[in-house]
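As structure tokens, the structure follows; a few thoughts come after it.
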Amino acid sequence: MEMGSQQEPLVPINTNEEKRTLELGGHVGFDSLPDQLVSKASAQGFCFNILCVGETGIGKSTLMNTLFNTTFENEEASHYGQMVELRPHTYELRESNVNLKLTVVHTVGFGDQINKEQSYKPILEYIDAQFAKFLEEELKIKRSLFNYHDTRIHICLYFIAPNGHSLKSLDLVTMKKLDSKVNIIPVIAKADTVSRNELEKLKIKVMSELVSNGVQIYQFPTEDEAVAEINSSMNTLLPFAVVGSVDDVKVGNKMVKGRLYPWGSVEVENEKHCDFVKLREMVLRVNMEDLREQTHARHYELYRRCKLEEMGFKDTGTDSQSFSLQQTYEAKRKEFLVELQRKEEEMRQMFVNKVKETEAELKEKEKELHERFEQLKRMHQEEKKNLEEKRRELEEEMNAFNRRKVAAETLMGQALQGCSQQPFKKDKDKKN
């Protein structure tokens, strides 16, 4: 038998083989892998994207400035926008040896529309567009995910107005639409405008309405023992009541970030005054990486799965049949061609029907015009006939008038001739 005439059967790998734990005889060195990852990640830098959703003038920009202890550039917004406009701004921040590429997205004009769908729909479209960009980069033949600027939204800070006793219908509808696409953390803005008792009642009411309407907000993870206790306690304090300010005010003998009022001052970083420190601690210092992981592993994976299923891709079935990307592509291509052919036939039939309808309408118009022409023609002939009759009548009247005129002139001439002969006879008689 010739060599290569038959292919050797593939030997299946037993994935259920029991794993054995071995002890090393000495130091090997792979225990430095975490340090390598930290060093590489620090050199590469991180990205973090925040979506601020709330009404115009509720304090979104001020809170962002306070949260990162800097001043971000931001344009003034009005209440007269016809549509919600999402304005992303990306900044390069550096703290110690860590680089952070921060993107802050503001929803300009949110809540100013009468139609609620016009308020939340642009936000959904923006989030899906960022997922689509990342998926497009993943599906490229030559990918560059290492240097790719990830613009997927990692956290949505939803600003709740403090001047109500509950959530608005727009708030519930928007958060319900967003909870499957982004990590939502609700915050009560401008918490210094209400009393402490009213603030506690508003917090309880907000959480009750969120639960009763099935809105899934982000819960701080409790799996890690190192942060389980603090995260568990912070989950009971949601939504955070925050105050933002970048102004330094003098309280006692020290300068702090806060706001001055005739009745006293509000310190931003005083936990007795507001929950700003808790928000900063949970979002930036404890759970930033979890927010990034949840975005990729939960929200993006849900979007990716739905899109790939729409494109015809599927995982290996229960019968353990191998999955062929080429076969899926060919099958999807055939479906697309069939669908394209069907749509072409529909368009062709629609065009033929439209032409027939147009021809029928033109024929009907032509018939109407022909009938109208015949009617006008008959009317013209009748009018012409009437004019001819009137012309003959006028000619007859003119002829009769001329005859009468001639007769009258004749009689008048005879009368004048008779009158001129009578005096001549009288003179003659006198002479005789």
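The values are calculated or read from the model by the stated rules, or taken from the named source; none is laboratory data. Quick caveat: nothing in here was measured; it's all calculated off a predicted structure. Ideal geometry is used to build each Cβ from the backbone, glycine not excepted, and the neighbour counts take in all protein chains shown. Heads up: the accessible areas ignore ligands, DNA and RNA and are worked out on the full protein's heavy atoms, side chains in. Shrake-Rupley method; radii C 1.70, N 1.55, O 1.52, S 1.80 Å.
General remarks:
- With Rh defined as the Kirkwood radius, the inverse of the mean 1/r over Cα pairs, the Rg/Rh of the chain is 1.53.
- Rounded to 10°, Cα long-axis angle of helix 169-178 versus longest principal axis of the chain: 60
- P(r) tail fraction, region 41-195 - alpha-carbon pairs more than 21 Å apart, %: 50
- Here the contact order of the chain, divided by its residue count and restricted to Cα pairs under 8 Å and six or more residues apart, works out to 11 percent.
- Positive-pole candidate from 266, 111, 161, dipole of the chain, charges at beta carbon: 111
- Per-selection metrics, region 13-68 (Cα): Rg and Dmax in Å: 23.6, 66
- Of 375, 216, 294, the one that fluctuates the most in a GNM where the chain has Cα springs shorter than 10 Å: 375
- Using Cβ point charges alone (K and R +1, D and E -1), the dipole size of region 190-321 about the Cα centre works out to roughly 640 debye.
- Hits among lysines - C-alpha to C-alpha of residue 203 under 20 Å, sequence gap 8 or more where chains match: 60, 168, 176, 190, 272, 278
- Pairs of alpha carbons in region 71-149 separated by more than 20 Å make up 52% of all such pairs.
- Pairwise centroid distance, computed over Cα atoms, of region 346-386 with region 22-62, Å: 77
- Tensor-based shape of region 138-221 (alpha-carbon gyration tensor, a/c under 1.5 rounded, otherwise prolate or oblate): prolate
- Expressed as a whole percent, the accessible area of the chain that falls on carbon and sulfur atoms is 52 (1.4 Å probe).
- Helix axis angle, 196-212 relative to the chain longest principal axis, alpha carbon, degrees: 80
- Quotient of Cα Rg and 2.2 N^0.38 Å for region 127-272, N being how many residues it contains: 1.33
- Separation of the alpha carbons by more than 29 angstrom is noted, of 116/257; 133/257; 121/307, for 116/257; 133/257.
- Look at the alpha carbon pairs under 8 Å that are at least 6 residues apart: their mean separation over the length of region 90-176 gives a relative contact order of 18 percent.
- Working note: 222 nm ellipticity from helices only, DSSP H runs with n ≥ 4, each -39,500 (n - 2.57), summed and divided by the residues of the chain, gives -17000 deg cm²/dmol to the nearest 500.
- Anchor residue 390: lysines whose Cα lies under 25 Å away (excluding residues fewer than 8 positions away in-chain): 377, 405
- Cα gyration tensor shape of region 334-396, rounded if a/c is under 1.5, else prolate or oblate by comparing a/b with b/c: prolate
- 13 Å Cα-Cα reach of residue 140 towards aspartates and glutamates, excluding residues that sit fewer than 8 places from it in its own chain: none
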